[in-house]
Amino acid sequence: MSFWQYLADSYDQNAEALKKTYPLSTTSISNKSGIIAIIVIDGDGKLVRYDKIEKANHEIGIENITIPVTEKSLGRSSGVAPHPVFDQYGYLQGVGKKYDAYISLLKNFAESNFTTEQVSSIYKYIAKGTVADDLSTMKPKDKTNIVFQVEIEGCPQTKVWEDEAFFSAWHQYYLGTKRAAVEKKKQIASELSERNLASKEKKDLSTEKKKGLRKEIKELNKIDKELKDAKLLDYISGEDQLVAVSHPKKISTRKAANAKLVSDNDKANYTFRGKFSESSEAVSIGYETSQKAHQFLRYLINDRGHYCGEQVILSFAVGSTEKLLPPPIEEKNIWSILQESQTETESDAQINLRAETGVDYADALRKSLAGFGHSKALGQHAKTVVLALDAATTGRLAITFYRELDKSEYLEKVAEWHSGCKWHQKFWSKEKEKYVPYIGAPSIDRIIEAVYGKPHSGKDESYTKIKKVARERLLRCVFDGVFLPTDYVTASVRRASNPLGITKNSKFDRNGFEQVVSTTCALVRKEYLQKNKEDYTLSVELDRTDRDYLYGRLLGAADKLEEYALYKKDNDRVVTAAIRHMQTFAQHPFRTWQTIHGCLNPYIQAVKGSFAFNEIQAVMAKFLSGDYEKDASLNGSYLIGYYHERAYIDSLVEAAKNKQKGEQR
C-alpha cells in the first residue's frame, strides 16, 4: 500500500497547486471526440447566449474541462447515472429517465447548504426544460457535453468549471450524502434486527400481519444491499473513513481511458473465491484517500507520462509536483537537465563549448549528486518512484513495473546506466535549432528502433506490443542492474550490418544508419563491460590489436576514402563500396575486404596520401600474425572499430584545417 500512500500524501502536500485543475470528486471531459456546448446564463437562470468549443483537429488544440461527478456517474458505461451539474445533452434535454435522474440530483445539490449562487442559477435554468429549444440551431447529439457560464454581477469568474469554490462545495456536499447513507444503513440494520426478532415471535400474529412483516423484512434487506456506503478502516491511511464504493477511471486518458486500477466485480464473477461475503472484507479503501491518490496519479501521467499505446512510464519524487528527476526512458529533456547540472561558475563560452563537443551526460548527473541542480530539490524528498502502467483490456489497468528508490539512488541508477552504456549521441534542440551532441546512453526508444526497426505505419499494433515489452525489459536493466538482453545486442548488430536496409524515401539513409551504428556501439560496449569486464573507450584505440576491431577500422577507413574521393569529384552518391558490401563483410571479412579494396582502386590515385589512405596502411600493419587471413564472422566490436575510425579521420581533418588557419594568420 506504500504506493497509494505516497500518492495520497503527495496530493495533500500539493493540494493548493492541484485543487483547481485536479479537485476531488471530479473527472475531465475534452473536445477530442466532439464539440463542447457552452450555455451562458445570468444569475436568475435566464439564457444570455450559447457558444461552443470546436472539436479538436490539427488547428484546434485539445481543451480539457474539469467536471464534478458521483462515484456511480464516473464509472458509467450504460444505464442511467447523471453527473451533478455538467453532463451530456441526453441528460439535459428535458424529457426521459436520464433527465429525471439529472434534475433530481441537481435539485438536491442546489437546495443544500453547500450550494453556490452559480449552482442555484443553473438549477433555475434547467428546471424550465428549455435546453432542447435553446440549442436547436446547434443540433447537439445525445453525447454532446454541455457546460455552463453564469454571469452574476460582482462575480468575475463566469466559467463555472474554473471556480475552485464550486468544486469544493460539490466535494463537501457529496461527502455529506455518503455520511447520510451510512446513517441510513445503520438505521435500517437496527430496524432489520427488530423485525427479525419479531418474526421469531410471530406465533401470536395473524396471517395478514405475518405476510406484512415478511414483506417489510424483504424490502429492508433489498435497501440494505443497495446501500454500499459504510465507514470502515482505510487500508491506506490506517484511519476510519467513508469507504469508496467505486474507484475512478480516466486515470490514463489515451487508449486506456476506461481502465481502472482498483475495482471489484460482482459475486457471479467469483471475485472473492469463497473466502469473503463482501469485497470490503478483503480490502477497504477510503473515499477521500482513493480520490487523492487517483487525482495525483492522473496529474503525474498528464504531466510527465511517456506513452506507448496503453502503456505509460513515469518517475516522480514523492511529495513533489516538480520535475526534479531526469526522465527514466526519454532523452528529449536532456539538454535542459544538462544546463541545470552546470556549475554557476562556468562562463557562457565554456557552456557553449561543452554543447559543441558533446558533454558527458553521466558525469553531469554525478555532478548533480555532488550538489548541483537536482540534488538541492531532491534533498527535501525521501523517496522517488519509477512506475509503468499498462491496460490488458479496456477495463483493467495494471502496475507492470514499480520501484522505490532513495532520493539519490535514482540518479545513481540513471548515471550508472549512462556511464556503462554511453556513446556519442545527438538530438535535435529546438532552442538551438540544430543537433546537439552529448555522451550518454541512447534513449530506450532508440534502442528499440535499432533492434526492431521502425513501425510499418503510425498504427502498427504488433510493433506497439513488441515495444511495450522491450521498454519494460530495458527498465529492469536501468533500475535493477539486469544484464542487457543478448538477443537485443545480436539483433542490433545484425541490423547495423545491413545499412542498405535503412532507408528514407526509398533511398539509403546515411543519418539513420549512423544513428543505428551509434546505438549499437553503445549496446556492444555495455555487453562487453557486463560480461567480459572489458571496456571500450569512446575514441579510437590505436594500440588495440584484436582482429574484429581492426577489421572494423579498415571498413571505416575505406568508407571515408571513397566518400572523400566522391566529394572531390562533386559526386553526391552516398552508397560507398563499404556500405554496399557491409553485410557480407561482417560474415566473411577477409574475402570481402578483397572485393571492397578492389572497388577502391579507381579512387586511390585521386586521394593517395589522404588521411583515409594512410589509415588503411597503418591498420593493416596492426594485425597479429594469422589474424588477417581468418575469414570467420565478426562480432559486434567491429562496429566500434568502424565508428572509431571514421570519427578519428574526421578529427585528423579538422586538426589539419585548424593548423592551416593558424599558419595563414
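Derivation of every value follows stated rules applied to the coordinates shown; laboratory data play no part. From a predicted model like this one, the values you see are computed outputs, not experimental measurements. We place every Cβ from the backbone using ideal geometry, glycine too, and count neighbours over all the protein chains shown.
Each of CYS599, CYS308 was scored by other Cβ atoms within 10 Å of its Cβ. Listed from fewest to most, they are CYS599, CYS308.
Report the FRET efficiency, 1/(1 + (r/R0)^6), for ILE60 and ASP627, where r is their Cβ-Cβ distance and R0 is 45 Å, rounded to 0.05. Rounded to the nearest 0.05, the efficiency is 0.10.
Cβ-Cβ distance of LEU652 and VAL482, R₀ of 35 Å, FRET efficiency by 1/(1 + (r/R0)^6): the value works out to about 0.30. Rounded to the nearest 20 debye, the dipole size of the range 31-162 about its Cα centre is 560 debye, using +1 on the Cβ of Lys and Arg and -1 on the Cβ of Asp and Glu.
Using 0.36 nm per residue and subtracting the Cα-Cα separation, the extra length available between LEU47 and GLU183 on full extension is 45.0 nm.
Stretching the chain fully between ASP572 and LYS139 yields a gain of 150.0 nm (0.36 nm per residue, less the alpha carbon separation). Ordered by the count of other Cβ atoms within 10 Å of each Cβ, fewest first, LYS432, LYS255 give LYS432, LYS255. How high is the FRET efficiency from VAL80 to LYS255, r the C-beta distance, R0 22 Å, rounded to 0.05? Working from the Cβ atoms, E equals 0.25. The loop-placed trypsin sites (Lys or Arg not before Pro) in the range 559-657, going by DSSP, that have at most 15 neighbouring Cβ atoms within 10 Å of their Cβ come out as LYS569, ARG573, LYS608, LYS630. A full extension of the chain between SER408 and SER112 corresponds to an added length of 101.6 nm, given 0.36 nm per residue minus the alpha carbon distance. The distance separating the Cα centre of the range 18-52 from that of the range 290-312 comes to 23 Å. With the alpha-carbon atoms of the range 31-162 aligned to their principal axes, the span from lowest to highest coordinate is 44, 38, 27 Å, starting with the largest. For the pairs LYS432/LYS657; LYS255/LYS459; LYS55/LYS454; LYS55/LYS143; LYS255/LYS413, note any where the Cα-Cα span goes beyond 22 Å. Beyond 22 Å: LYS432/LYS657; LYS55/LYS454; LYS255/LYS413. Taking a ≥ b ≥ c as the square roots of the eigenvalues of the Cα gyration tensor of the range 517-665, is the shape rounded (a/c under 1.5), prolate (a/b larger than b/c) or oblate? In terms of gyration-tensor shape, oblate.
Counting beta carbons within 10 Å around each of ILE146, ILE466 and listing the fewest first gives the order ILE466, ILE146. Between the alpha-carbon centres of the range 140-168 and the range 465-523 there is a gap of 50 Å.
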